[in-house]
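**Student:** Before anything else, here's the structure in question.
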Amino acid sequence: QVQLVESGGGLVQAGGSMRLSCAGSGINNRAIGWYRQAPGKQREFVARTSITGVTSYQNSLRGRFTITRDYDKNMVYLQIDSLKPEDTAVYYCNTWPPNSNNWGQGTQVTVSS
């Protein structure tokens, strides 16, 4: 299994940008997805990247979210631009498809008006 740890969240003003990080040994050999869960809502898919870096996004988020990989660092990133209050959520990374047993703590993103 691949153990993943999210980081980079925090409090950001609306309109700002943030880059989240996903780290884990063996991450280069897995398709990785970013997911988020807002208060009172179900966890939803945000973006994913294949082993070779081919990306896919939730249609409603396309344009503001960018998923990238750094193979040298065994990292996957999620760049979020033009943040909106409705982006407030706990953001998780996991494999694609996600392993239900491997959800971690995630990283909290809070966007203020």
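The values are calculated or read from the model by the stated rules, or taken from the named source; none is laboratory data. If you're wondering where the values come from, they're calculated on a predicted model, not measured in any experiment. When we count neighbours, we look across all protein chains shown, and the Cβ atoms used for this are built from the backbone with ideal geometry, even at glycine. Ligands, DNA and RNA are excluded from the accessible area calculation, which covers all protein heavy atoms including side chains. Shrake-Rupley method; radii C 1.70, N 1.55, O 1.52, S 1.80 Å.
**Student:** Since S82 meets every condition but one in (1) on the phi > 0 side of the Ramachandran plot; (2) within 15 Å of the chain's Cα centre (by Cα); (3) among the hydroxyl-bearing types (S, T, Y), which condition does it not meet?
**Tutor:** (2)
**Student:** Further question: Take the residues of the range 11-30 that are modelled with pLDDT of 95 or more and of a type in the set (S, T, Y): which is nearest to Q108 (Cα to Cα)?
**Tutor:** Here the residue is S21.
**Student:** Let me ask another. Can you spot a residue in the range 73-88 that is under 21 Å from S112 (Cα atoms), acidic (D, E) and in a loop (DSSP other than H, G, I, E, B)?
**Tutor:** As a first pass, look at the range 73-88 and keep what is under 21 Å from S112 (Cα atoms): 78-88.
Keeping just the survivors that are acidic (D, E) gives 81, 86-87.
Among the residues that remain, those that are also in a loop (DSSP other than H, G, I, E, B) are: 81.
Yes, the range 73-88 has at least one match.
**Student:** Checking the condition of a type outside the set (A, V, I, L, M, F, W, C), in contact (Cβ under 8 Å) with a residue 40 or more places away in the chain, surrounded by 15 or more Cβ atoms within 10 Å (Cβ to Cβ) and part of a loop (DSSP other than H, G, I, E, B), which residue from N94, N102 passes?
**Tutor:** On the way: N94 fails: part of a loop (DSSP other than H, G, I, E, B).
Unique residue meeting the criteria: N102.
**Student:** Could you list, in sequence order, all residues of the range 25-42 that are more than 10 Å from the chain's Cα centre (by Cα) and in contact (Cβ under 8 Å) with a residue 60 or more places away in the chain? Spell out how you get there, then give the answer.
**Tutor:** Start the filter on the range 25-42 by keeping residues that are more than 10 Å from the chain's Cα centre (by Cα), which leaves 25-31, 37-42.
If the condition is that a residue be more than 10 Å from the chain's Cα centre (by Cα) and in contact (Cβ under 8 Å) with a residue 60 or more places away in the chain, then R30, A31, Q37 are the ones that fit.
**Student:** So, in the range 36-54, exactly how many residues are open to solvent by less than 30 Å² (accessible area, probe 1.4 Å) and within 13 Å of W103 (Cβ to Cβ)?
**Tutor:** Within the range 36-54, residues that are open to solvent by less than 30 Å² (accessible area, probe 1.4 Å) and within 13 Å of W103 (Cβ to Cβ) number 1.
**Student:** Check G33, G8 and return the single one that is modelled with pLDDT of 95 or more and buried (at least 17 other Cβ atoms within 10 Å of the Cβ). Please lay out each step first, then the result.
**Tutor:** Numbers: G8 fails: buried (at least 17 other Cβ atoms within 10 Å of the Cβ).
Among G33, G8, only G33 is modelled with pLDDT of 95 or more and buried (at least 17 other Cβ atoms within 10 Å of the Cβ).
**Student:** Just one of (1) more than 19 Å from V5 (Cα to Cα); (2) open to solvent by 30 Å² or more (accessible area, probe 1.4 Å); (3) among the aromatic types (F, W, Y); (4) in contact (Cβ under 8 Å) with a residue 12 or more places away in the chain trips up Y57, so point out which.
**Tutor:** All conditions are met except number (4).
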